[in-house]
1. Counting only residues that are surrounded by fewer than 18 Cβ atoms within 10 Å (Cβ to Cβ) and over 28 Å from Phe128 (Cβ atoms), which one in region 271-304 is farthest from the chain's Cα centre (by Cα)?
2. Look at Val131 and say whether it is β-branched (Val, Ile, Thr), out of contact with any helix residue (DSSP H, G or I) (no Cβ under 8 Å at 6 or more places or on another chain) and over 30 Å from Ala98 (Cβ atoms).
3. State the number of residues belonging to region 67-112 that are over 19 Å from Leu279 (Cα atoms) and either assigned to a loop (DSSP other than H, G, I, E, B) or not assigned by TED's automatic domain parsing to the domain that holds Ile306 (or both).
4. Would you mind stating whether Thr272 is under 30 Å from Ile141 (Cβ atoms), hydroxyl-bearing (Ser, Thr, Tyr) and touching a Leu at 6+ places or on another chain (Cβ under 8 Å)?
5. Can you give me the number of residues within region 256-287 that are of a type in the set (Phe, Trp, Tyr) and more than 30 Å from His80 (Cα to Cα)?
6. Need pairs with beta-carbon distance below 7 Å; first residue more than 13 Å from Ala260 (Cβ to Cβ) and within region 194-207, second outside any helix (DSSP H, G or I) and β-branched (Val, Ile, Thr); sequence gap 6+ or separate chains.
7. For region 134-154, enumerate the residues that are more than 30 Å from Leu222 (Cα to Cα) and either crowded, with 19+ Cβ neighbours inside 10 Å or not assigned by TED's automatic domain parsing to the domain that holds Ile30 (or both).
8. Within region 232-242, which residues are of a type in the set (A, V, I, L, M), in a helix (DSSP H, G or I) and over 15 Å from Glu204 (Cα atoms)?
Amino acid sequence: MKHIYAIPAALAAAVSAASCMSYTYMTTSIHPDLSADRTVYTQADSSYLTGETDANQFFFKPDSTWETGLLAEPFRKDFHEEICIMNIYASRRLGSLAEGKLTPAEPEFEGCPVLAPEETAKKHFRWFSTVYEYKAVYRRIGGLPVDLGEFMDRETQEFFLRGGTMPGDWNGLELYSALEEMNSDFMEWYVTSTFKVSHDIIQEMCGVRQRGLLEELSGKILEEYIKEEEDVTVESLCRKLDIASGTSTFMDVYSGNKAAADSLYREQSRVTEYFACSLISEIEMPGKLCRSNATAFNGGNPQWKIDCYRLLYDDITVTAVSREANIWAYILTGIVLSAGIFLLISRKQG
């Protein structure tokens, strides 16, 4: 029986050849003037910790505006699927949140919505208090090779990808069984997506006879990939096609067009690389937090888990509102009221 975390593990393995899982904890402290201090923490590998600091450890490229270094006191952070040791940091002052977009560390992360939320911070003067509003929108991943809706309805997607509410009368066995089925459907979507990308690339490079053979064998080979829960590359598909047809024709096509085929595959399957980015974002607001749509808090500060599994379903919008008392307004109001009362009493006495 498969573990209920089989899908994240399988996808992590699928992208590991080109990238490593990047677990990032980001804190943003917003100031009354709407500037902000942002710190990004991650787990550096052993070579970095022993002095080989040439390789960037973050999922973005820190430029000269960032201060980076080792943490004097590393700490543990729970990302749900894994607990990581945060041991390095990058921090900078943002004049406004508009400066907060991050440059991807690798070409594979270009377009990853986790790196480029639409962030805003606003404040509203209310005399006795100032209200601060924070909002960030992480956009849904679109342009998928195969629509996830072909394998999961919207209700199932919400439950599986967003952690929707469990039916109240379900027991653990029933929930586990449902997750098993969802895992299977999700993995079938993933394998089918990488198969379609590889199939379409090799199809464009084949002659008429080879295309006919490709279509004849594709269904059976796709079933093999799904059974093995294996992601598909152009090269691996060509190898299976040659084995099934008893020829070397497809590997010959691939070998003659390797650079172009691999480049197209990286571009068209880029979304699979996005699964390597896992982020917890935490916000500290001026004054006292009034409301937020966060479900987790750290020292009273709201925090949200953002990753591209969740963004397969829909946009993620995070919000927080705080209120800071304007002490001077209370003092000034007290002075004005006192002066008015004094004048009123003086007139009556006069």
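The values are calculated or read from the model by the stated rules, or taken from the named source; none is laboratory data. Only a predicted model underlies this, so the values are computations on that prediction, with no experimental measurement involved. Glycine gets a Cβ as well: all are built from the backbone with ideal geometry, and neighbour counts include every protein chain shown.
1. Asn298
2. Details: β-branched (Val, Ile, Thr): yes; out of contact with any helix residue (DSSP H, G or I) (no Cβ under 8 Å at 6 or more places or on another chain): yes; over 30 Å from Ala98 (Cβ atoms): no.
No; evaluated as a whole, the condition is false for this residue.
3. Going through region 67-112 one residue at a time, the tally reaches 2.
4. Working: under 30 Å from Ile141 (Cβ atoms): yes; hydroxyl-bearing (Ser, Thr, Tyr): yes; touching a Leu at 6+ places or on another chain (Cβ under 8 Å): yes.
In short, yes.
5. The first filter runs over region 256-287 and keeps only residues of a type in the set (Phe, Trp, Tyr), leaving 265, 274-275.
With the extra rule that they be more than 30 Å from His80 (Cα to Cα), the set shrinks to 265.
The total comes to 1.
6. Here the result reads Thr194/Val232; Phe195/Val232; Lys196/Val146; Ser198/Val232; Ser198/Thr233, each pair linking region 194-207 to a residue that is outside any helix (DSSP H, G or I) and β-branched (Val, Ile, Thr).
7. Within region 134-154, the first condition is being more than 30 Å from Leu222 (Cα to Cα), and the residues that meet it are 134-139.
The answer is Tyr134, Ala136, Tyr138.
8. From region 232-242, those of a type in the set (A, V, I, L, M) are 232, 234, 237, 241; that's our starting set.
Now drop any that are not in a helix (DSSP H, G or I), which leaves 234, 237, 241.
The answer is Leu241, and nothing else.
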